[in-house]
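Have a look at the structure below, then the notes.
The values are calculated or read from the model by the stated rules, or taken from the named source; none is laboratory data. Computed from a predicted model, the values in this text were never measured in an experiment. Every residue, glycine among them, receives a Cβ derived from its backbone with ideal geometry; neighbour counts consider all protein chains shown.
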Amino acid sequence: MAERAAQRGADRGRPRRQGDRRVAARAGERAGAEVPGVEAAAVIVGLRRAADRPAPDGLCAVDAALEAHADQSRSLRSNSFTSMTDSTPSRAALVTGCSSGIGRATAERLAASGWTVYATARKPETLSALEARGCRTLALDVTDEGSMRAAVEAVEAEHGAVGVLVNNAGYSQSGAVETVPMDKVRAQFETNVFGLVRLCQLALPGMRRKRWGKIVNLSSMGGRFVFPGGGFYHATKYAVEAISDALRFEVKGFGVDVILIEPGLIKTAFGETASGGVAEAGAGQGDYAQFNAHVARATESAYEKGSPVGRLGGPPEAVAKAIEKALRAKRPRARYTVTPSAKLLIGQRALLPDRGWDAVMRSQFPQPGK
């Protein structure tokens, strides 16, 4: 009789253990739905093993296992949810091209306004003055994928996302279209357009996670009209305008604003760089020699102190002020035009038909072939 009683006890235990396994399976499926990845697998395996162990003091083994994993599961779900939905805006501003001019002035102004500024340049040793003013400095070459990725990741590691991206790095490659070597053309677009686009692509995932961000793209009055001899530079700025217009619509629903800054003549070393680019285009040779030489002289003279055009220009600080204003605005405008020269010339071009604009240009530049 004792043997039969023991057998009956064992038979009664089997269904319970099988039932526990079924409950464990269902509980594991729920855990897999609520806890991501490897953690879910660990919970499921733990539940299944628990179902095969004797239940302590009449407590269902699955219930005991669920209790043991409850705190871990809640913690994992909480951390996962927080990482996906944390909407605290990042106060980190990443600014490119800070070695001089507009970039330097912008980094200084934003740092003084309370932003955590990451001032960048190809040569970080040129940024020591900004570091002394409270900026953090990073090496960043907008033509190098690894450099761009490392800069964005450095900001995200500390702040979760880039809060403000100021795409300022750029230069002007001047010269008649036929005379500019293609490697110079590609370099112009790599810096002024492709680097800008890639940084937007790298920074936007973090901004979307935060549901907040500001992208400030430095265009130019040259994105609204064209001077002879500046075809490739103007082409890059027209591209920045078009890309920014598209991007503004595409990311607005994620809480990200895209803002264009259109400076006129700004008193920096920009003019020297532009006139130097003409020499690289072969200014002294061929049918375009006189034209390219004139473009170089006109560019340099426009930036000279006291020049008629220069009086309608402004300092880099004027652009930095406009950028800060745009960042403070609850509903920033799509475009901010800076300096009287920009407002005057953009307005003039809008009023003139193409032939009228060409006539004005002929009064300012010698026409090749004549």
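Points to keep in mind about this one:
- Residue match in the stretch 104-112 (condition: surrounded by fewer than 17 Cβ atoms within 10 Å (Cβ to Cβ) and over 25 Å from Ile243 (Cα atoms)): yes
A quick yes/no check of all residues on (1) in a loop (DSSP other than H, G, I, E, B); (2) buried (at least 17 other Cβ atoms within 10 Å of the Cβ); (3) hydrophobic (A, V, I, L, M, F, W, C):
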{"residue": "Ser172", "(1), (2), (3)": "yes, yes, no"}
{"residue": "Gln188", "(1), (2), (3)": "no, yes, no"}
{"residue": "Gly229", "(1), (2), (3)": "yes, yes, no"}
{"residue": "Val251", "(1), (2), (3)": "no, yes, yes"}
{"residue": "Asp257", "(1), (2), (3)": "no, yes, no"}
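- Looking only at the stretch 153-169, residues that are more than 10 Å from Ala92 (Cβ to Cβ), surrounded by 24 or more Cβ atoms within 10 Å (Cβ to Cβ) and either more than 15 Å from the chain's Cα centre (by Cα) or not small (Gly, Ala, Ser) (or both) come to 3 in all.
- Within the stretch 132-153, residues that are on the phi < 0 side of the Ramachandran plot have Cβ atoms under 6 Å from residues that are acidic (Asp, Glu) and part of a loop (DSSP other than H, G, I, E, B) in these pairs: Ser147/Asp141, counting only partners at least 6 apart in sequence or on another chain.
- Across the stretch 113-128, the qualifying residues are those that are small (Gly, Ala, Ser) and surrounded by fewer than 17 Cβ atoms within 10 Å (Cβ to Cβ), and the one among them that is farthest from Ala161 (Cα to Cα) is Ser128.
- Extreme residue, surrounded by the most Cβ atoms within 10 Å (Cβ to Cβ), among residues of the stretch 202-221 that are part of a strand (DSSP E or B) and in contact (Cβ under 8 Å) with a residue 60 or more places away in the chain: Leu218
- Gly134 vs. criteria within 18 Å of Ala320 (Cβ to Cβ) and in contact with a strand residue (DSSP E or B) (Cβ under 8 Å, 6 or more places away or on another chain): yes
- Residue, surrounded by the fewest Cβ atoms within 10 Å (Cβ to Cβ), within the stretch 129-148, restricted to residues that are among the small types (Gly, Ala, Ser) and farther than 27 Å from Gln188 by Cα: Ala132
- Matching residues in the stretch 341-360 - criterion: being surrounded by 12 or more Cβ atoms within 10 Å (Cβ to Cβ) and either aliphatic (A, V, I, L, M) or outside any helix (DSSP H, G or I) (or both): Ala342, Leu344, Leu345, Ile346, Leu352, Val360
- Among residues that are assigned to a helix (DSSP H, G or I) and modelled with pLDDT under 95, Ala298 is included.
- Matching entry among Ala329, Ala293 (being without any contact (Cβ under 8 Å) to a residue 40 or more places away in the chain, under 29 Å from Pro181 (Cα atoms) and not polar (S, T, N, Q)): Ala293
- Here Gly175 meets the list (1) at pLDDT 95 or above; (2) touching a helix residue (DSSP H, G or I) at 6+ places or on another chain (Cβ under 8 Å) almost entirely, failing just condition (1).
- Unique residue being surrounded by 20 or more Cβ atoms within 10 Å (Cβ to Cβ), modelled with pLDDT of 90 or more and over 30 Å from the mean Cα position of the chain (by Cα) when the list is Tyr303, Tyr288, Tyr336: Tyr288
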